[in-house]
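Down below is the structure, laid out as structure tokens.
The values are calculated or read from the model by the stated rules, or taken from the named source; none is laboratory data. Being a predicted model, the structure only gives us computed values, none of them experimental. Please note: Cβ atoms are built from the backbone with ideal geometry, for glycine as well, and neighbour counts cover all protein chains shown. Note: accessible area is taken over every heavy atom of the protein model, side chains too, but ligands, DNA and RNA are not part of it. Shrake-Rupley method; radii C 1.70, N 1.55, O 1.52, S 1.80 Å.
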Amino acid sequence: LYYDLNKAEPELAPTLRGKTVLIGATAAGLHDLRPSPMSELIPGVEILTTAIANLRAGDWLRDIECRWALMAVLIIGLAWAYARNLGSVVIGVGLLIASLLLLYGSYALLDLNRYAPVGAALAGGWLAFAALTAQAQWREHREREATVAIFQRFLDPRVVDELVANEALSLDNKPVARDISILFSDIRGFTSLSETRTPEAVVELLNRYFTRQTEVVFRHGGTLDKFIGDAIMAFWNAPADLPDHAKRAVAAALEMTCELDAFREELKKTEPELGDFDIGIGIHTGPAVVGFLGSAARLDYTAIGDAVNLASRVESTTKGVARVLVTGDTRDACGADAPFAFEHRGEFKVKGREQPVHLYEPRRRDAGADC
């Protein structure tokens, strides 16, 4: 099947009639060898032959226009996942699985002469993942700083750091009902004391006193709820779980009386007339609702409920009876192994209660460890 070029008028071989004939060189010395996906060097005429054959048979890759649609789907899906707070690790694993499936699907479509350009979409998806992850980490950092700043007003900063690290604290936490031990402390005769001093002097005195007592509350794992004038409200077992919260509350109350004595001795050296002011402390253990209360502009982490009201009433009853009084519920919650002895101080009628309340004065069992 060839031309006889020696003839003056070469005749076309019968089998080539109506065919497309390409003539090319295949010898290496003629420099018509070209690289291709199939081989490092292939004769150029074969490349042309393959192209013409594919065109005649309609056998070529057809592009599937899916670049931008697929990229949009990936970015929207990532944005939705981050909005649902699914976590960067979970989202990254999901994107990796989706990428592998898309690459496999694109490869499988080649057998059907279809080309799915998923590279650009995947590149856009992974860039969006990096940007959204950085934004989420920045937002998480800001939220953590805000959480720490708020809870450090109520808790020992070391406890706050531990709780935040364990993801036990969040500004999104909803109020919950739980058993807590509530402590109220109030200065006796504060009204008459403030009448004899300038407001600046009263504030300075209170700040010194509150600083000492707050440190005691924090040392015993308590949560400082608020200052109410000259009164202190604190509670235990929220937000951190403290199975021995009643013991901690009583121990804090006894140490607060010791801290008061030390403060009074300090005052006697500079202001002898202030060396005899006293405090009353009331403690009750019971159920309350604990969490953030307030408006979007101002939130307070506090406890509300009948148990809180009763603790306040117990504190009001201490005058003329004892510095520290606790209810029977607190005494029972301390357990038989508590390092305290509880002296029954009688039944007392408190506001808001029809039945009288049994109150007890706690004392350390070790007499040498009073203060």
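Worth pointing out:
- Checklist (1) within 18 Å of Ala116 (Cβ to Cβ); (2) at pLDDT below 85; (3) open to solvent by 40 Å² or more (accessible area, probe 1.4 Å) applied to Cys66, failing item: (3)
- Filter result (assigned to a loop (DSSP other than H, G, I, E, B) and within 23 Å of the chain's Cα centre (by Cα)) within the range 228-243: Asn237, Ala238, Pro239, Ala240, Asp241, Leu242
- Any pair with Cβ under 7 angstrom, 6 or more apart, that starts in the range 327-352 at a residue that is more than 18 Å from Arg248 (Cβ to Cβ) and modelled with pLDDT under 95 and ends at one that is part of a loop (DSSP other than H, G, I, E, B) and open to solvent by less than 70 Å² (accessible area, probe 1.4 Å): Arg345/Val321; Arg345/Ala322; Glu347/Pro356; Phe348/Pro356; Lys349/Pro356
- Flag for Leu5 being open to solvent by 90 Å² or more (accessible area, probe 1.4 Å), at pLDDT below 75, of a type in the set (A, V, I, L, M, F, W, C) and on the phi < 0 side of the Ramachandran plot: yes
- In summary, Ala322 fulfils each of the numbered conditions (1) surrounded by fewer than 16 Cβ atoms within 10 Å (Cβ to Cβ); (2) in contact with a strand residue (DSSP E or B) (Cβ under 6 Å, 6 or more places away or on another chain); (3) in a loop (DSSP other than H, G, I, E, B); (4) not acidic (Asp, Glu) with the single exception of condition (1).
- Top-ranked residue of the range 207-227 - restricted to ones that are in a helix (DSSP H, G or I) and in contact with a strand residue (DSSP E or B) (Cβ under 8 Å, 6 or more places away or on another chain), ranked as nearest to Ala252 (Cα to Cα): Val217
Residue by residue, here is whether (1) out of contact with any helix residue (DSSP H, G or I) (no Cβ under 8 Å at 6 or more places or on another chain); (2) over 24 Å from Lys351 (Cβ atoms); (3) touching a residue at least 12 places away in the same chain (Cβ under 8 Å); (4) aromatic (Phe, Trp, Tyr) holds:
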| residue | (1), (2), (3), (4) |
| --- | --- |
| Ala234 | no, no, yes, no |
| Pro243 | yes, yes, no, no |
| Thr257 | yes, yes, yes, no |
| Gly280 | no, no, yes, no |
| Val289 | yes, no, yes, no |
| Gly294 | yes, yes, no, no |
| Ala307 | yes, no, yes, no |
| Glu315 | yes, no, yes, no |
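- Members of the range 98-120 that are of a type in the set (A, V, I, L, M, F, W, C), farther than 13 Å from Leu78 by Cα and in a helix (DSSP H, G or I): Leu100, Leu101, Leu102, Leu103, Ala108, Leu109, Leu110, Leu112, Ala120
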